[in-house]
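Have a look at the structure below, then the notes.
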Amino acid sequence: MNVSSAVVRAFGLAKTHGQGQSRVHAVDEVDLEVPQGQTLAVMGPSGCGKSTLLHLLGGLERPTGGEVWVAGRRIDTLSERALARLRRQSVGFIFQAFHLVEELSAADNVELPALLAGRSRRQARRRASLLLERVGLADRARHLPSQLSGGQRQRIAIARALANEPLVVLADEPTGNLDTSATLDVLRIFEDLRAAGQTLVVVTHDERVAATADRLIAMRDGMFVDDTRLAGSHPRGLGGLIGLEG
Amino acid sequence: MQDAVLAMLAKEPTHGYDLHARLRRSLGPLGEAMNRGQIYVTLARLEKAGLVVCERADGLPERPERKVYALTPAGQQRVAAWLAEVGWPKPDLAEFHLKLTAAAAARLADPVELVAAQRRELLRRLGEAQRAALAEPAGSGAGLLLEGVVLRLQADLRWLDACERAWSKIDDEVEGE
Amino acid sequence: MGRLVLIARLVLADLRRHPAQAAMLVVAVTAATATFTLGLSLSGASQALYEQTRAATAGPDMVALTPGSDPAVTSALTSLADAPEVVAHHGPYRIVYADLTARGRTSNVVVHGFAETPGAVNRPLLTSGHWVRSGGTVLERGFATALGVGVGDRVTIAGRSYPVVGIAVTAATSIYPGAAQIGPYGGGSDYSGLAWMTRSDARTLASSHELPVTMALDLKLRDPAATESFHDAHRDSAVRINLHSWQFTAQQDLVILRNSRPILVVGSWLLSFLAITGVAALAAGRAAARTRRAGLLKAVGATPGLIGTVLLTEYLALALAGDALGLVIARLTAPALAGPTTGRIGDAAGPSAATVAAATALAVAVAVLSTLRPTLRALRTATVTALTATAHRPRHRPRLTALSALLPTPLLLGLRLTARGPGRAVLQACSTATTVIALVALLTLYAQPERGYGLNGSSVLPNLRGEHDRQLMLAVTVLLIALAIVNTITFTWTTAMEARANMAIARTLGATPGQIAAGLSLAQLLPSLPGAVIGVPLGSGLLALFAAGNAAETPSAWLLGAALTTVLATAALTALPARLAARQPVAQALSAETA
């Protein structure tokens, strides 16, 4: 794996909460490299530290140890301001709870990152309508989040995460609040992103989401316990799945 | 397989080529592995068992493609019985379970490692099935079948999680002694 | 009994959880009720001071005054003393109109010629020094205070220097500068102080400079209340006699307080208004939590009545505490405010029962008005809905979005992310308007030209009434501004708390803390602008209701400056809470939102 092609890197990354006896290692000195274009899933039981890991990678929380590099730049030492700029340029977040601005329409929500990044209003609008088209919600642009289903809201959130063409998209349990068909919609979009070479880190405990990634890391108690490449292996063909082979 | 081929002949007599195409259609990407030879072998067996009869169609002789197969009354009865049947493939979990027990007892391998390897394999399969399902157009029969495969694999993976938790605990207790 | 315990427990728990809000309500209500009580009880307090002075100085029930000093005048006065209603009298004595200079400041003065041994009626009470003796003068205390003169100093009266031998108070004349009961030759009186001399010194003073003289006679009536009928009975005397009853003199004491009452009462209304807006904003900020709690209580079987009782009990208890505190403050400050000169002695009586009732009604009104809406909502919302109540009900605000489109991008974003429903904006506008109203009133008072109390209206001696008005107005304005400051900070902070989720989202999208803080500030500042603009005409209009017809215009530059200063101060005030709020950790805010 070529270091220079890694979009996200972490060395000895650690995050502890509390002190003394009640000290909790949410993330316990992990090393990670995510090359350009890889989709990485991180799986583990609740409280294993996978959300904290994602926050650390996106600069939403500061590590208590180790380093985080995004796009060749060390970010754990950056100021709040610089982190904000990094997020608007290089990182797109997707959350389990969607976290849309409830008072703004779907299109306004998708426009936000572009406007924050200083694009003109017309550019932002054009980009938003393109992205809404891409997630299949062009006809819902004027709706408020409260008027949309969970799946539609998450698709809006994905469109918003893509607004500034981020180097990496970080998704935290993106299908955690969704039913099967909405999950499939999200997976379909992730497949498109993968095909388009978008680097994507998904924290999930949904096996479907994890299984469709290129690579899967299993996390327990703040540590990585398994790291598997999933994609590219096609040993028996699909027929093997239902016992139709030979 | 035999029952499915018989049932497909219930609508009207047809030749092997057509049967193959229809099976492929309803299985979608899962049917890619199935070759026409398998159909003919199956049809030959059914004929031998007296469940179908082969009516040679006009035209070129001796070409298997030209054989038209039809159900015999016995064949029809068999189809009816098959439809009424409520049998279900049994999940074969006992074998893996015994594998873990035996490995642990004889200290041949770490059961937790076995579980992890198995999970990796199932996740690969799940990934394939899920991707294939995503590629299917909405409402396709094959999509529905793939969804079934995905759900089965998900269930198996969750059982593996349970196995892992249980065996890790046993490990810890052994280490703790 | 159990219900009472439950109510008390719930109220206490809530107070413990939100001490700042409780303190704010108490302070606001205290300020409002103290001001209100003072406004209502000033005249009562002034009367009380007059009556105590009257009792201590054997104040006359009636003073008969006649211009001139010829024998006819004297005999007309003397005949009054023989009237059957009169039980005692003092005089006739001379009142000489002169000027007095002390420490380079000259004022009109009326010199009363008194015996060296005081009589039965009108015995001025010495507060220092001793009574008049030949060649020495005694000054009325309010006058002496205004001049800055004490016993042992020398004053020049009509060109001749006299030592001040004593300082005294009297109930026979109105307080400084209203000592001249009638003017020279029976004409109008000017601002005057009061001095006493011996009879012969007064006579000499008058004759040596040919100064105008009025003869006066102090009368004690059988029935002190019957001044009206005595006045009617002796109206048609041969010589024109001016009769001043003690009630009239007491009333004259109030002239100096004429503007105090509207300043205080209107001020207390404005204070109450600010209290309501501030507490309502806080209460609205907690409405969701309240509604949830009401739902919880309902779910375990509490009746709507009980819930309403708990909610109202808390605010009423706080308001009544503030009310009590306000009444005490009013009681303590009333003597100083009611007696702006030192011409009266004694202590003001406490506020009357009616005043206490009115102040309490005001406090209760503040409590009820500021919490009515959230309370009603908590009561009405169905139990299940209440339990799942979210922090706010999102509303699409196309007009706000359209408005924000006119702004530069960072401000647009800030506004879209942080601006909440119109309610808070209206409250902020009202708060700003109130501040500007107070500032306009204050500036207008300062802009009024006024006659000083010195000779010919010279301002070497300041106009005490104007000073008094300005000081009161300043105090009320300071209170109003203090409350408005607390309000603005409260509004910004509650806005920040409500917009916390949106701000956290924006931070994940790459908004800097600075952008967030600017947005929060702006959300408060925008409604402040119309508030300030409306405040100027409102303030002028309010003043026009009370001001004299010939009131001077306040320079418009002053008014503009006041409005501008208010807006700028608001901007500065919102900056701090906004910055604090913008620096909260993102991940925490996000997970709080999901929880």
> Which residue out of A:228, A:175 is hydroxyl-bearing (Ser, Thr, Tyr), within 14 Å of chain B (Cβ to nearest Cβ) and assigned to a loop (DSSP other than H, G, I, E, B)?
Replying inline: A:175
> Do we find that residue B:88 is aromatic (Phe, Trp, Tyr) and without any contact (Cβ under 8 Å) to a residue 60 or more places away in the chain in this structure?
Replying inline: yes
> How do the helices (runs of 4 or more DSSP H) wholly within the stretch C:199-313 filter down when requiring 3 or more residues that are crowded, with 21+ Cβ neighbours inside 10 Å: which remain?
Replying inline: C:199-209, C:246-253, C:260-285, C:287-299
> Of the conditions (1) assigned to a strand (DSSP E or B); (2) free of Cβ contacts under 8 Å to residues at least 60 places away in the same chain, residue C:4 fails just one. Which one is it?
Replying inline: (1)
>> Take residue C:84 and tell me if it is in a loop (DSSP other than H, G, I, E, B) and either more than 41 Å from the chain's Cα centre (by Cα) or under 16 Å from residue C:162 (Cβ atoms) (or both).
In response: yes
> Would you pick out the residues in the stretch A:194-225 that are buried (at least 18 other Cβ atoms within 10 Å of the Cβ) and part of a helix (DSSP H, G or I)?
Replying inline: A:194, A:207, A:208, A:209, A:210, A:211
>> Can you report the number of residues in the stretch A:143-177 which are of a type in the set (A, V, I, L, M) and over 18 Å from residue A:198 (Cβ atoms)?
In response: 2
>> Tell me the residue from C:463, C:487, C:456 that is at pLDDT 80 or above and surrounded by fewer than 24 Cβ atoms within 10 Å (Cβ to Cβ), please.
In response: C:463
> Pick from the stretch A:77-96 the residues that are touching a helix residue (DSSP H, G or I) at 6+ places or on another chain (Cβ under 8 Å) and more than 9 Å from chain C (Cβ to nearest Cβ): which of them is farthest from residue C:514 (Cα to Cα)?
Replying inline: A:94
>> small (Gly, Ala, Ser), assigned by TED's automatic domain parsing to the domain that holds residue B:159 and at pLDDT 90 or above: which single residue out of B:109, B:102 fits that description?
In response: B:102
> If only one of C:43, C:79, C:69 is in a loop (DSSP other than H, G, I, E, B) and either modelled with pLDDT under 85 or aromatic (Phe, Trp, Tyr) (or both), which one is it?
Replying inline: C:69
> Does residue A:52 satisfy being β-branched (Val, Ile, Thr), touching a residue at least 12 places away in the same chain (Cβ under 8 Å) and in a helix (DSSP H, G or I)?
Replying inline: yes
> Out of all the residues in the stretch A:97-108, which are more than 7 Å from every other protein chain (Cβ to nearest Cβ) and closer than 22 Å to residue A:51 by Cβ?
Replying inline: A:98, A:100
>> Checking residue B:87 against (1) in a loop (DSSP other than H, G, I, E, B); (2) under 27 Å from the mean Cα position of the chain (by Cα); (3) over 30 Å from residue B:14 (Cβ atoms), only one condition comes out false. Which one?
In response: (3)
>> For the stretch A:28-47, check the following and say yes or no: at least one residue is within 14 Å of chain C (Cβ to nearest Cβ) and either touching a strand residue (DSSP E or B) at 6+ places or on another chain (Cβ under 8 Å) or β-branched (Val, Ile, Thr) (or both).
In response: no
> Among the residues of the stretch C:466-484, which ones are aliphatic (A, V, I, L, M) and surrounded by fewer than 20 Cβ atoms within 10 Å (Cβ to Cβ)?
Replying inline: C:474, C:475, C:478, C:481, C:482
>> Filter the stretch A:120-150 down to the residues that are more than 7 Å from chain C (Cβ to nearest Cβ) and touching a residue at least 40 places away in the same chain (Cβ under 8 Å) and list them by number.
In response: A:134, A:135, A:136, A:145, A:148, A:150
> Across the stretch B:113-135, what is the number of residues that are more than 7 Å from chain A (Cβ to nearest Cβ) and either of a type in the set (Ser, Thr, Tyr) or crowded, with 18+ Cβ neighbours inside 10 Å (or both)?
Replying inline: 6
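Residues to consider are B:74, B:80; find the one that is assigned by TED's automatic domain parsing to the domain that holds residue B:22, in contact (Cβ under 8 Å) with a residue 12 or more places away in the chain, out of contact with any helix residue (DSSP H, G or I) (no Cβ under 7 Å at 6 or more places or on another chain) and of a type outside the set (Asp, Glu).
On the way: B:80 fails: in contact (Cβ under 8 Å) with a residue 12 or more places away in the chain.
It is B:74.
The values are calculated or read from the model by the stated rules, or taken from the named source; none is laboratory data. All values derive from a computational prediction rather than experimental measurement. When we count neighbours, we look across all protein chains shown, and the Cβ atoms used for this are built from the backbone with ideal geometry, even at glycine.
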